[in-house]
Structure formats: C-alpha cells, structure tokens
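The values are calculated or read from the model by the stated rules, or taken from the named source; none is laboratory data. Please read these numbers as outputs of a predicted model, since none were measured by experiment. Backbone-built Cβ (ideal geometry, glycine too); neighbour counts: all protein chains shown. Remember, those area values only see protein heavy atoms, side chains included, never the ligands or the DNA or RNA. Shrake-Rupley method; radii C 1.70, N 1.55, O 1.52, S 1.80 Å.
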Amino acid sequence: MSGAAGAPESIRERVAAVRARIAEAARRAGREPDEVTLVGASKRMPRELALAAVEAGVEHLGENYVQEAASKIAWVAERASRTPTWHLIGRLQRNKARDALRLFQMVETVDRPSLARELARRAEDAGRILPVLLQVNLSEEPQKAGAAAADVPALLELCGGQAGLRVEGLMTIPAPEEDPERCRPAFARLRELYERLRGEPGGEHLRELSMGMSGDYAIAVEEGATLVRVGTALFGPRPA
C-alpha cells in the first residue's frame, strides 16, 4: 500500500479495499452490495483520519465515547466537504443521554429499559424521533453490554411505545474469535431473531442488522448484515 500509514491516500485505498470485500461477500450471498452500509469505527482514532475517511467517501462514522466524540464531530464538521452520519456504537450511560442525542444521528446500543426511557424523554423534549438499534448479547457474557435475546421482545415493545424512539434494527458484538468463521453462528442467530421480531409489537420499522467488524465483516455480510462497523481495516491499528 502506497503512502505513510494513516495518510489520506492510504485511507482512500483502504476504503476501496473494504468496499470491494463487502461487494464480494454480498454477491456470494446473492445480495446487492449497496444493501450494506460501511460504518467507519473511528473510536480512539485521530480526528484527521476520521476526516480523511469522510473525504474518501465514508458517509457513516461510529464512536464509542460521548466525550471523545464531541470534539471530533465538531472538528470534522468544520473541515469536511460533506456531513457524515454519526453512530454511537459504545455503551451509553443514562447521564450522557442528552449529549448523545445532540451528537449522534443513531444510537446502536440501547440494551435496557432505563436507557430507552431516558433517550425517549430527551428526544421528545428536543422534538426529535431518534433512530436506535437494540444491542443483543448473544454470548450471554455477564460483563458484556447488550440485552439477553430472551429479553429483546419486551424491550422492543417498550421502545415501540415511546414517541421519541424508532427502533430500526438489532446490533451485536460476538465473542472474539481467531477464526472469523466461528462468528457465523452468532450472526445467523441475530438474523433469525430479527426476522422473528419483525412481526412482533414495535417491530414495524426493523430494517437494519449491525454486525461484523474488521476481522469478520465479510462473514457478517454473508449472514445478512446491513451495517458493518469497520475500524482497523480502514484506519490501521489503534493507538496504544
């Protein structure tokens, strides 16, 4: 790859390579490549690289931390030739709900009723309807964020009754695996849950499956992902 690591020309080449791999995976699954949206996971990456990704055509960026995102989003907005859509892809504390609503166009990590109610209240106060995804903990590891699969139907119904929220899909982060193929069952389970929930109360707006990261996004696309959150494959290794 030409150019110094992280240089704008390198980012452009990385974006092209990731998009090509997404397209190949989509075609293997009998899907159209444009069914999959690339979300550049710019968390903990320098703001210059986030800007370079936007200029290279990445229209969606994901951040984990509200405080880090605030300055980065403002800095990119002042310099970018286009306005990206910002996704919150990290766990959100209730006391950061107001700031998250101000900064992000989508929150992908709604996983508990208390957070859903707080976001809905803040969105209603702001005169907004906030698109959200429900994060599902398929590995059922207690230290990981996400609602248990068995609890998702009730959470979906609760969110569906909140005027300030619109649940547009599901998100998961499977347990890390050296062999990405071992993530396939988790992705398939999320797709199956998604398909089942579309007929449940609150499921009328479901259209997104956010799953797959740098090591396994091709497998996720084959299993139906519509959003893939790609960090190191676009930006290189994160700073220590």
Taking the range 195-204 and keeping only residues that are open to solvent by 10 Å² or more (accessible area, probe 1.4 Å) and either charged (D, E, K, R) or touching a Gly at 6+ places or on another chain (Cβ under 7 Å) (or both), one is left with Glu195, Arg196, Arg198, Glu200, Pro201, Gly202, Glu204
Selection over the range 131-157 where residues are open to solvent by 40 Å² or more (accessible area, probe 1.4 Å) and either touching a helix residue (DSSP H, G or I) at 6+ places or on another chain (Cβ under 6 Å) or among the polar types (S, T, N, Q) (or both) yields a count of 2
Among (1) touching a residue at least 60 places away in the same chain (Cβ under 8 Å); (2) open to solvent by 10 Å² or more (accessible area, probe 1.4 Å), Val66 falls short only on (1)
Contact list, first residue from the range 197-220 and within 30 Å of Ala20 (Cβ to Cβ) and part of a loop (DSSP other than H, G, I, E, B), second anywhere and among the acidic types (Asp, Glu) and modelled with pLDDT of 95 or more, beta-carbon distance below 8 Å, six or more apart or interchain, is Leu206/Glu168; Arg207/Glu168; Met211/Glu223
Filtering the range 126-162 down to residues that are modelled with pLDDT of 95 or more, farther than 22 Å from Arg196 by Cβ and in a loop (DSSP other than H, G, I, E, B) yields Ala126, Gly127, Arg128, Ile129
Tell me, yes or no, whether the range 209-224 has at least one residue that is over 30 Å from Ala52 (Cα atoms) and acidic (Asp, Glu). no
Of the residues that make up the range 101-113, is at least one touching a Cys at 6+ places or on another chain (Cβ under 8 Å) and either part of a strand (DSSP E or B) or within 23 Å of Glu157 (Cβ to Cβ) (or both)? yes
Asp179 fails exactly one of (1) surrounded by fewer than 16 Cβ atoms within 10 Å (Cβ to Cβ); (2) of a type in the set (Asp, Glu); (3) in contact (Cβ under 8 Å) with a residue 40 or more places away in the chain; (4) out of contact with any helix residue (DSSP H, G or I) (no Cβ under 7 Å at 6 or more places or on another chain), namely (3)
Just one listed residue, out of Arg184, Arg238, Arg207, is surrounded by fewer than 21 Cβ atoms within 10 Å (Cβ to Cβ) and within 20 Å of Lys144 (Cα to Cα), and it is Arg184
Subset of the range 19-29, residues small (Gly, Ala, Ser) and either in contact (Cβ under 8 Å) with a residue 60 or more places away in the chain or surrounded by fewer than 16 Cβ atoms within 10 Å (Cβ to Cβ) (or both), comes to Ala20, Ala25, Ala26, Ala29
(Q) Being among the hydrophobic types (A, V, I, L, M, F, W, C), touching a Lys or Arg at 6+ places or on another chain (Cβ under 6 Å), farther than 20 Å from Ala29 by Cα and open to solvent by less than 60 Å² (accessible area, probe 1.4 Å): is that true of Ala218 here? (A) no
**Report entry** Condition met for Glu168 (in contact (Cβ under 8 Å) with a residue 12 or more places away in the chain, part of a loop (DSSP other than H, G, I, E, B) and surrounded by 13 or more Cβ atoms within 10 Å (Cβ to Cβ))
**Finding:** no
Scanning the range 30-63 for residues that are part of a loop (DSSP other than H, G, I, E, B) and open to solvent by 40 Å² or more (accessible area, probe 1.4 Å) gives Gly30, Glu32, Lys43, Arg44, Pro46, Glu59
Per the filter on the range 71-93, residues surrounded by 15 or more Cβ atoms within 10 Å (Cβ to Cβ) and in a helix (DSSP H, G or I) are Lys72, Ile73, Val76
**OP:** Assess whether Tyr217 counts as being of a type in the set (Phe, Trp, Tyr), out of contact with any Gly (no Cβ under 8 Å at 6 or more places or on another chain) and more than 22 Å from Ala97 (Cβ to Cβ).
**Re:** yes
